[in-house]
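The values are calculated or read from the model by the stated rules, or taken from the named source; none is laboratory data. Just so you know, these numbers come straight off a predicted model, no measurement behind them. Neighbour counts are summed over all protein chains in view; Cβ atoms, including those assigned to glycine, are modelled from backbone coordinates with ideal geometry. Just so you know, the surface numbers come from the protein's heavy atoms only, side chains and all, with ligands and any DNA or RNA stripped out. Shrake-Rupley method; radii C 1.70, N 1.55, O 1.52, S 1.80 Å.
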Amino acid sequence: MKVTVVGAGAVGASCAEYIAIKNFASEVVLLDIKEGFAEGKAMDLMQTASLNGFDTKITGITNDYSATAGSDVAVITSGIPRKPGMTREELIGINAGIVKTVSSNLIKYSPNVILIVVSNPMDTMTYLVHKTTGLAKNKIIGMGGTLDSARFKYRLAEALESPISDVDGMVIGGHSDTGMVPLTGHATRNSIKVSEFLSEDRLTQVAEDTKVGGATLTKLLGTSAWYAPGAAVSSMVQAIACDQKKMFPCSAYLEGEYDLSDLCIGVPVILGKDGIEKIVNIPLSDADKAKMQESAAGVKKTNDLLEL
């Protein structure tokens, strides 16, 4: 199993680190356009191998896509990160050109690769890859919902004052501060609905805190977060590499599912060796259906800014 991570910044390096530590891949290639940057990150990470007990080989490369040849999975983290006060949508102009070039180069050397898109605005970048590469739709996956759901579970555990291992929950919809749809009605603590423990007002606060999870961290850090995004990607890559058939909310290309078409947006999917092996239709309340439609309208509005 060979995995390529494009972009050796904080998110890309965290992604490579978590994949290596989980020890399911034979090789991780870390690629960046900055001379020596990926090589330095890879060397630093390899010097943790004996300490963290992994045998995955991490290789750093400066802008030579031939080194990525034969990749089973590739992760696109490249692009400019958010700064305080920026929306994900404001990154579209610069990041669209970067993602288009990166995906084309990856497919040139690994025609059977499965692509995981992290670059923002993530749903629109995932849609761009669908429209410009010709890759099968099951092989193009947007990361956002997996990260948003992790943030949702963090906020739920905080509100419940419970261990996070007790909590389960999912966020669907667009990966944006206004587009996320945290499914509070489906969230549970050890199989019991969280509405049994939390008031409607507290659940609403949990949902709102989840939706601005990225912006909250950007304000605190001065740039985008990296630990949780890297961990989210590594979990998705592992599900594909190990054919786990695990369910994640991911940005997938829809053709009628959830009454939506011709866009990529977060929905529950099964991830296995073929990428997205199934889109899972779950029953939504009327309120969540309305939020999903509103979220989709926002994603399509951003998609319209693409020069396809």
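In terms of the ratio Rg/(2.2 N^0.38 Å) built on C-alpha atoms, what value belongs to segment 3-141? Expressed relative to 2.2 N^0.38 Å, the Cα Rg reads 1.02. Over all projection directions, the Cα-based convex hull of the chain averages an area of 14.9 nm². A straight line joining the Cα centroids of segment 171-212 and segment 9-60 runs 34 Å.
If only the Cβ of Lys and Arg carry +1 and only the Cβ of Asp and Glu carry -1, the dipole of segment 1-93 around its Cα centre is close to 220 debye. Just to confirm the filter: which GluC sites (Glu not before Pro) across segment 157-234 are DSSP coil and have at most 12 other Cβ within 10 angstrom of their Cβ? Sparse-neighbourhood loop GluC sites (Glu not before Pro): Glu161. In the context of the full protein assembly, Ile33 retains an accessible surface of approximately 140 Å², using a probe radius of 1.4 Å and ignoring ligands and nucleic acids. A cut-off of 5 Å between modelled amide H atoms, ignoring neighbours fewer than 5 places along the same chain, links Val29 with Val3, Thr4, Val5, Thr59.
Keeping all protein chains in place and using 1.4 angstrom, which order do His186, His175 fall into by accessible surface area, from largest down?
In descending accessible area the options line up as His186, His175.
Seen from all directions on average, segment 35-112 presents a Cα convex hull projection of 6.9 nm².
In terms of the Cα gyration tensor, with a ≥ b ≥ c the square roots of its eigenvalues, is segment 42-83 rounded because a/c is under 1.5, prolate because a/b exceeds b/c, or oblate?
oblate
Of the residues Leu284, Gly214, Asn303, the one whose Cα sits farthest towards the positive end of the charge dipole of segment 173-308 is Gly214 (charges of +1 on Lys and Arg Cβ, -1 on Asp and Glu Cβ, taken about the Cα centre).
Helical content of the chain, expressed as a calculated mean residue ellipticity at 222 nm, amounts to -13000 deg cm²/dmol (DSSP H runs of 4 or more residues, -39,500 (n - 2.57) each, divided by residue number, nearest 500).
Note on surface exposure: Met247, Met125 rank Met247, Met125 by accessible area, highest first, 1.4 Å probe. Roughly what % of DSSP beta bridges within the chain run antiparallel, to the nearest 5? Antiparallel: roughly 50 percent of the beta bridges in the chain. Each Lys and Arg contributes +1 and each Asp and Glu -1, all at the Cβ; summed about the Cα centre of the chain, the dipole is approximately 360 debye.
Remark: segment 78-125 carries a charge dipole of roughly 120 debye about the Cα centre, counting +1 on each Lys and Arg Cβ and -1 on each Asp and Glu Cβ. Shown here are the Rg and Dmax of the Cα trace of segment 161-305, at 15.8, 43 Å.
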